[in-house]
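This report concerns only the one structure given below.
The values are calculated or read from the model by the stated rules, or taken from the named source; none is laboratory data. These figures come from a predicted structure and were not determined experimentally. Backbone-built Cβ (ideal geometry, glycine too); neighbour counts: all protein chains shown. Just the protein is used for accessible areas: all its heavy atoms, side chains included, with ligands, DNA and RNA removed. Shrake-Rupley method; radii C 1.70, N 1.55, O 1.52, S 1.80 Å.
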Amino acid sequence: MSPAALLRNALRVLIPLAVACTVFLYLYPVFLGCAFPLPQPADATEQDTGSAFRDTLRQHVLSSSKAAPFRLLALGDPQLEGDTSIRNYNRESFPHLTWAIRHLTFKTDHPSLWRRLRQVVHDLVDVFFDDMPDTAESIRKRIDLFGNDFYLAHIYRTLKWWAKPTHVTVLGDLLGSQWIRTPEFERRSWRFWNRSFKGGERVPDDVAFYPAEEYDLAGLLGVEDENAAAWRRRIINVAGNHDIGYAGDLTQERLERFERVFGKAAYELRFELPITDPKLNATIYDPEKNPDSDRLIPELRIVNVNNMNLDTPAADQSLQDKTYAFVNDVINTASAVEYAGHFTVVLTHIPLYKPEGICVDAPYFTFHAGGGVKEQNQLSADASRGFLEGIFGLSGDPHAPGQGRGRRGVVLNGHDHEGCDIYHYINQTEGEERQWRVVRWSDAQAAKLPGTPGVPGLREITVRSMMGGFGGNAGLLSVWFDENEWEWRFEFANCALGRQYFWWFVHIVDLIAIVGLVLYGILQAAAAAGFDIERQPTAKTPGMTKTEVAEKSP
């Protein structure tokens, strides 16, 4: 078979394969049916994924009146690695070869020629068994880092285009290590904003407000204006342990560089949902016109909490005091639990406490020899109660304000790369023996715990990591307002691209197909110029003349 025919047959297989794989990769949310959940009745037990998908498709042609007014694309733990993960980082690739040359050129001291030659042999052996494997692995790692940036970018870019979120958050561990020095931090930060999350913007400092009684709104939900367009570009970045360190590692310098590049580590955002029905507006609390109403103007509050130094001991006590003060001010500026209409979305990194066996990560703490938290899988039980009983106002006491039902909301976090969806609850009927319990969300639904009188609770969603090793996941959180019950509802879905190998496979196949097409084009150009590209090469056997070879050729 001639080279042209061989290439032509190969392209007949390669091109359809490349096209099919590329179309799937770049439209994977469409093929996988990924979509933000649609608002659904309070008694619905399962998501209508088909309707959600069709509505998302409709949004690309027409506007949608069914989509939730708040749609959060939640991404967990991208953990951009860098030069420090490369074996021969900051040193030459073949040091043993350099030393062998130095020995041979008598630039080193040796007591005898025999010792010099023996050392040369040792260094040459090390070139093959140390330098070459290290260099090969370092090259592979550099290529892997480059590709990983664009793998993460593919998830962010594709889901942002297809699912049309109103807001985006990265739930901590934006980078891969808190120990890196400033130059390496700057390089990874540049890759974050210019490759993996290109087109995204940090939340401006003048928009990230500190909790206060009198506050400005960050925007209106369900209203398409310039502010809504700005929030689609912004990324709410949460500080993680690989960004600023645990309590025993967190310093002012690490916190300042994170906030300078990625935005403040602790703040709140308040979004209001306009009510257009005059009859419903008349039922809202007004100190003069309607003082007996328990209905507030619908409002969604996002609280970005830096929980890296909530547990003790901490390396910098002043930073921990600021974190405590922030959490207390979040609690003090929240609406009273007796009122309805407000919803709180807490974004943080380390998950709340839960017993071993509920999620993949069990409770775990280690401490530095000199003091300070060195590593932790979860918050302590006491710190977790600060979220449940403080920020959300839940209580095991049925005589507490609002009968202990607390404020409606949800907690989103990362850290546990495997992800977890659980429900915290406390049974008020257990009397003095009542305590906080945790079950999987599916088990809570099966037992009909959410909404059960006398059993206040809160859902916590740990978003599975978007890293390739964990399947390239993204969380889709929809929050909508039920005007009949005057309360917010929400639902969550996960969309996974799959491991990074498929991303690499598709682009390698595409590259081979492109090279093949270029070569085939060159052959066709040669044929047009009069060259015989279809002639099959033949091997000349001993004793055959040129005429005999020509006669055997087809």
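Taking Asp130 as the residue in question, decide whether it is in a helix (DSSP H, G or I), buried (at least 17 other Cβ atoms within 10 Å of the Cβ) and at pLDDT below 95. So Asp130 does not fit the description; no. Being under 29 Å from Trp179 (Cβ atoms) and either out of contact with any helix residue (DSSP H, G or I) (no Cβ under 8 Å at 6 or more places or on another chain) or not in a helix (DSSP H, G or I) (or both) holds for only one residue in Glu389, Glu432, Glu375, and it is Glu375.
Which of the residues that make up region 148-176 are in a helix (DSSP H, G or I) and more than 19 Å from Val23 (Cα to Cα)? Once the filter is applied, which keeps residues that are in a helix (DSSP H, G or I) and more than 19 Å from Val23 (Cα to Cα), region 148-176 yields Asn148, Asp149. Looking at Asn328, Asn309, Asn332, Asn281, which one is polar (S, T, N, Q) and open to solvent by less than 50 Å² (accessible area, probe 1.4 Å)? It is Asn309.
Condition check: under 25 Å from Asn306 (Cα atoms) and either open to solvent by less than 10 Å² (accessible area, probe 1.4 Å) or not in a helix (DSSP H, G or I) (or both). Does Pro211 satisfy that? The answer is yes for Pro211. In the set (1) farther than 30 Å from Leu38 by Cβ; (2) crowded, with 19+ Cβ neighbours inside 10 Å; (3) among the small types (Gly, Ala, Ser), the condition left unmet by Gly147 is number (2).
Within region 437-454, track down each residue that is part of a loop (DSSP other than H, G, I, E, B) and either without any contact (Cβ under 8 Å) to a residue 24 or more places away in the chain or out of contact with any Ser or Thr (no Cβ under 8 Å at 6 or more places or on another chain) (or both).
Ala447, Lys448, Leu449, Pro450, Gly451, Thr452, Pro453
For region 1-23, filtered to residues that are more than 12 Å from Ile512 (Cβ to Cβ) and free of Cβ contacts under 8 Å to residues at least 12 places away in the same chain, the residue that is surrounded by the fewest Cβ atoms within 10 Å (Cβ to Cβ) is Arg12. Taking residues in region 348-365 that are more than 8 Å from Gln378 (Cα to Cα) and touching a residue at least 24 places away in the same chain (Cβ under 8 Å), and partners anywhere that are part of a loop (DSSP other than H, G, I, E, B) and β-branched (Val, Ile, Thr), the pairs with Cβ atoms closer than 9 Å and at least 6 places apart or on different chains are Thr348/Val238; Thr348/Val305; His349/Val238; His349/Val305.
I'd like to check something: does region 511-531 contain any residue that is touching a Cys at 6+ places or on another chain (Cβ under 8 Å) and either without any contact (Cβ under 8 Å) to a residue 24 or more places away in the chain or surrounded by 17 or more Cβ atoms within 10 Å (Cβ to Cβ) (or both)?
No, region 511-531 has no match at all.
Tally up the residues in region 28-48 that are modelled with pLDDT of 90 or more and either farther than 12 Å from Ser478 by Cβ or buried (at least 19 other Cβ atoms within 10 Å of the Cβ) (or both), please. Selection size over region 28-48: 11. Of all residues in region 223-261, exactly one satisfies the criterion of being touching a helix residue (DSSP H, G or I) at 6+ places or on another chain (Cβ under 8 Å) and without any contact (Cβ under 8 Å) to a residue 40 or more places away in the chain, namely Phe258. If the condition is being over 23 Å from Gly472 (Cα atoms) and among the aliphatic types (A, V, I, L, M), then region 49-79 contributes Val61, Leu62, Ala67, Ala68.
Going by what's in this entry, would Asp205 be described as open to solvent by 50 Å² or more (accessible area, probe 1.4 Å), of a type in the set (D, E, K, R) and out of contact with any helix residue (DSSP H, G or I) (no Cβ under 6 Å at 6 or more places or on another chain)? In short, yes. Number of residues in region 395-408 that are open to solvent by 10 Å² or more (accessible area, probe 1.4 Å), among the small types (Gly, Ala, Ser) and either touching a Leu at 6+ places or on another chain (Cβ under 7 Å) or closer than 30 Å to Ala239 by Cβ (or both): the value is 2. The residues listed here are Ala100, Ala136, Ala68; of these, the one that is free of Cβ contacts under 8 Å to residues at least 12 places away in the same chain and of a type in the set (Gly, Ala, Ser) is Ala136.
Sort out for me the helices (runs of 4 or more DSSP H) sitting completely within region 1-108 that have 1 or more residues that are aromatic (Phe, Trp, Tyr) and in contact with a Gly (Cβ under 6 Å, 6 or more places away or on another chain).
By residue number, 49-59.
Considering region 478-510, and only residues there that are in contact with a Phe, Trp or Tyr (Cβ under 6 Å, 6 or more places away or on another chain) and either free of Cβ contacts under 8 Å to residues at least 40 places away in the same chain or assigned to a helix (DSSP H, G or I) (or both), the residue that is surrounded by the most Cβ atoms within 10 Å (Cβ to Cβ) turns out to be Trp503.
Residue pairs whose Cβ atoms lie under 7 Å apart, separated by 6 or more positions or on different chains, with the first residue in region 370-389 and within 12 Å of Ala314 (Cα to Cα) and the second of a type in the set (D, E, K, R), are Val373/Asp311. Candidates Trp190, Trp179: the one that is open to solvent by 50 Å² or more (accessible area, probe 1.4 Å), among the aromatic types (Phe, Trp, Tyr) and part of a loop (DSSP other than H, G, I, E, B) is Trp179.
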